[in-house]
Amino acid sequence: MPSSDRFGARRVNEMYRQGMLEDETTEFPVSYDDLQEAAHEAMSEEGIAYVHGGAGSEETFERGKDFSAWRIVPRMLRGVETRDLSTTLMGVTLDYPVVLTPLGVQTLLHERGEIATAEAAAELDVPLCLSSLSSTPMEEVAKTLGETPKFFQFYWSSSDAIGKSFLSRAEQAGYDGVVVTVDAPILGWRERLLERGYYPFLEGEGVGNYFSDPEFRAQLDEPPEEDPEAAVEHFLDIFGDSSLTWDDLRFVRENTDLPIFIKGVLHPEDARLAAQHGADGVGVSTHGGRQVDGSITAVEALPGIVDEVGDELDVTLDSGIRRAADAFKSVSLGADAIMLGRPYAYALAVGGSDGVSTYLRNFLAEFDLTMGLAGCDAVTGIDREAVRHESTLGSHC
Ligand code: FNR
């Protein structure tokens, strides 16, 4: 799907034509609310608890979806016949300013898990960031992605040997960058999971990268295929490290030549520290409201972080993006790209690979139309002039 011709309009025409001429409306939900509803019908209770759930009262999760304080100010008659949606992130040119965010344990959503997601990403050339906690080993996902830009999300292990091995496997498998998630050194208070006493990793889900890792396997008495319970116990022992400090980023820097992105930053000073410790970019994120209940939201944090490091580092935003307008506002506020989360998870639950690809077509079409209607012909040209904060609306217009 070339980014420079009017695919937004094409997608709309395709959908109308399908309804009017072929008397066949799309069965796939178009609005996000309908998509979530359809996904919840298709998913197990445990799956819903894992994916939907936020931390504590879920206030951060709920507020994070509200981008309405920022209003797009469309400009007219600017000649937007061809629109360039491309951008660059970690030195890689992307066709769209959209990356599929790392979501662990995708077999909870669809039996083909990350492979189905990767097929859709490869079909549309939408970059994917694979979680350390994927159900499928990183090499298999990389193969499915082919030439599509790919990033590997790194979770620390208390075993340096496993950490090193993950970083080297990601490089060998052809990933374009390492995304280090720093906002989950310990798991947040997630009541939906606690109420059910459900934690997917205890069932041996989401450990594909660990069970296939030579260093992890070398630390076991029996291979995971022979003693899965002991392997799960070992995973729980080595996963995460809450003693980490900024200086520990040196470990990642020393063990990979790939660009490093720090995901989960909400304070401008942390963005500055990321820059000082050799990061190439920062991801502004609340982890989808799953970690600190009551925290600032990603879109609230974004302008301050862009002001601090936007000239030096790449910046992404995730947590709460549901619609193209949310993405447009984020790009206007200085994000080089946005990361999509739960919406593609739900598309995967509803329709597997086809579901993710249909959802992405719709999302990108809506983004393309929003951009054109706002008077912008290139993603890299969208700036803060394109939005106003509601607190300033009384002053003129
Ligand atoms: C996540 N997220 C996440 N982040 C990460 O760095 N590694 C991971 O393994 C996971 N796993 C994960 C599973 C599920 C089910 C969810 C919902 C989220 C956080 C994720 O990358 C992203 O920050 C959020 O999903 C963004 O919030 P929204 O937009 O999905 O609400």
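The values are calculated or read from the model by the stated rules, or taken from the named source; none is laboratory data. Keep in mind that this is a model prediction, so the values were computed, not measured. A quick note on method: Cβ atoms are made from the backbone with ideal geometry, for glycine too, and the neighbour counts reach across all protein chains shown. Quick note on the areas: whole protein, heavy atoms, side chains included, nothing else; ligands and nucleic acids left out. Shrake-Rupley method; radii C 1.70, N 1.55, O 1.52, S 1.80 Å.
Of all residues in segment 279-307, those that are within 29 Å of E191 (Cα to Cα) and among the hydroxyl-bearing types (S, T, Y) have Cβ atoms under 9 Å from Cβ atoms of residues that are away from the ligand (no atom under 13 Å from the Cβ) and open to solvent by 10 Å² or more (accessible area, probe 1.4 Å), 6 or more apart or on another chain, in T286/I296; S295/E59. Among the residues of segment 39-84, those identified as of a type in the set (K, R), closer than 28 Å to D293 by Cα and more than 11 Å from the ligand (Cβ to nearest atom) are R63, R71. Can you find, within segment 364-373, the residue that is farthest from A337 (Cα to Cα) among those that are touching a helix residue (DSSP H, G or I) at 6+ places or on another chain (Cβ under 6 Å) and open to solvent by less than 10 Å² (accessible area, probe 1.4 Å)? Once the filter is applied, the top-ranked residue is A365.
In contact with a His (Cβ under 7 Å, 6 or more places away or on another chain), in a helix (DSSP H, G or I) and open to solvent by less than 30 Å² (accessible area, probe 1.4 Å): is that true of L348 in this structure?
In short, yes.
Picking from residues in segment 7-28 that are of a type in the set (F, W, Y) and in contact (Cβ under 8 Å) with a residue 60 or more places away in the chain, the one that is most open to solvent (accessible area, probe 1.4 Å) is F28. Out of segment 182-195, which residues are modelled with pLDDT of 95 or more and open to solvent by 80 Å² or more (accessible area, probe 1.4 Å)? The answer is W189, L194, E195. None of T148, T136, T88 is without any contact (Cβ under 8 Å) to a residue 60 or more places away in the chain, of a type in the set (S, T, N, Q) and in contact with a strand residue (DSSP E or B) (Cβ under 9 Å, 6 or more places away or on another chain) except T148. Scanning segment 82-129 for residues that are among the small types (G, A, S) and at positive phi yields G91, G113. In segment 228-239, the qualifying residues are those that are free of Cβ contacts under 8 Å to residues at least 24 places away in the same chain and out of contact with any Asp or Glu (no Cβ under 7 Å at 6 or more places or on another chain), and the one that is farthest from W156 (Cα to Cα) is E229.
Exactly one residue out of L124, L128 is within 15 Å of G341 (Cα to Cα) and either at pLDDT 95 or above or within 16 Å of the chain's Cα centre (by Cα) (or both): that is L128.
When segment 121-165 is filtered for residues that are open to solvent by less than 10 Å² (accessible area, probe 1.4 Å) and among the aromatic types (F, W, Y), the ones remaining, listed by number, are F151, F152, F154. Anything in segment 99-115 that is aliphatic (A, V, I, L, M) and either within 12 Å of the ligand (Cβ to nearest atom) or in contact with a Gly (Cβ under 9 Å, 6 or more places away or on another chain) (or both)? List them, or say none. Across segment 99-115, the qualifying residues are V99, L100, L103, V105, L108, L109.
Quick check on D368: is it under 22 Å from A275 (Cβ atoms) and either outside any helix (DSSP H, G or I) or more than 16 Å from the ligand (Cβ to nearest atom) (or both)?
Here the answer is no, as D368 does not meet what is asked.
Could you please let me know if Y175 is surrounded by fewer than 23 Cβ atoms within 10 Å (Cβ to Cβ), within 16 Å of the ligand (Cβ to nearest atom) and of a type in the set (S, T, Y)? No: the conditions fail for Y175.
Consider E222 carefully, then state whether it is in a loop (DSSP other than H, G, I, E, B), away from the ligand (no atom under 16 Å from the Cβ), among the acidic types (D, E) and open to solvent by 60 Å² or more (accessible area, probe 1.4 Å). Here the answer is yes, as E222 does meet what is asked. Annotation: G240 fulfils all but one of (1) within 14 Å of the ligand (Cβ to nearest atom); (2) at pLDDT 95 or above; the unmet one is (2).
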